[in-house]
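Chemist: Let me give you the structure first, and then I'll get to my questions.
Just so it is clear, none of the values below were taken in a lab; they were calculated from the coordinates. Quick caveat, the model's predicted, so the values are computed rather than measured. Every residue, glycine as well, gets a Cβ built from its backbone with ideal geometry; the counts of neighbours run over all protein chains shown.
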Amino acid sequence: MLCEYRYELTERAVKDLDEIAGYLRDDLDNARAAMSLLYEVSKCVQRLCSFPASGSRILEEYLPEKNVRKVIVGNYILYYRILKEQELVRVLRVVHGSRDQDAVLQNLNS
């Protein structure tokens, strides 16, 4: 039986997406790439609502929060947590894969 979870984006995840889309649209003058990325992130989050444990679990001892998972969306990494009791997928961050992921993870807040 498939369980449908709800989802929410943290303020930081919303800011990440705004910054990424703005960079693609304004700095690179590529509105199509910005829309495409937002569409792909949306599809990924919808998939996570159906299959919340499908992302890879991150096993770093310095994480401020445990049970953090990640999925790859194009050149970006989407970090999230599963809140089983609330049947909720909480998107924590969306960052470019070339960024220092250890630094991102060390400053991860839920």
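Chemist: Taking Cα atoms, how many degrees apart are the long axis of helix 11-22 and the longest axis of the chain, rounded to 10 and kept between 0 and 90?
Modeler: In the chain, helix 11-22 runs at an angle near 30 degrees to the longest axis.
Chemist: Separate question: For TYR39, TYR76, TYR7, what's the fewest-to-most ordering of other Cβ within 10 Å of each Cβ?
Modeler: Values: TYR39 10, TYR76 21, TYR7 14.
So the residues, fewest neighbours to most, are TYR39, TYR7, TYR76.
Chemist: Taking Cα atoms, how many degrees apart are the long axis of helix 31-50 and the longest axis of the chain, rounded to 10 and kept between 0 and 90?
Modeler: The angle comes out at about 10 degrees.
Chemist: What is the diffusion coefficient of the range 6-106 in µm²/s, taking the Kirkwood radius over Cα pairs and the Stokes-Einstein relation at 20 °C with a viscosity of 1.002 mPa s? All intermediate terms of the calculation are to be shown ahead of the outcome.
Modeler: Values: Rh = 14.0 Å.
Approximately 153 µm²/s, per Stokes-Einstein.
Chemist: Now, a different point. How much of the DSSP bridge set in the range 6-106 is antiparallel, in percent, rounded to the nearest 5?
Modeler: Details: 16 of 20 bridges.
Of all bridge pairs located within the range 6-106, approximately 80 percent are antiparallel.
Chemist: What list do you get for CYS49, CYS44 if you sort them by fewest beta carbons within 10 Å? Can you show the working numbers first?
Modeler: Values: CYS49 16, CYS44 20.
Ranked by crowding around the Cβ, least crowded first: CYS49, CYS44.
Chemist: Tell me the mean residue ellipticity at 222 nm calculated for the chain from its helices only (DSSP H runs of n ≥ 4, each -39500 (n - 2.57), averaged over every residue, nearest 500). All intermediate terms of the calculation are to be shown ahead of the outcome.
Modeler: Working: 3 runs with 38 residues, N = 110.
Mean residue ellipticity, 222 nm, calculated: -11000 deg cm²/dmol.
Chemist: Considering Cα pairs under 8 angstrom that are at least six residues apart, work out the relative contact order of the chain and quote it in whole percent. Show your work: numbers first, answer last.
Modeler: Values: 156 pairs, mean separation 33.5, N = 110.
Once divided by the residue count of the chain, the mean separation gives 30 percent.
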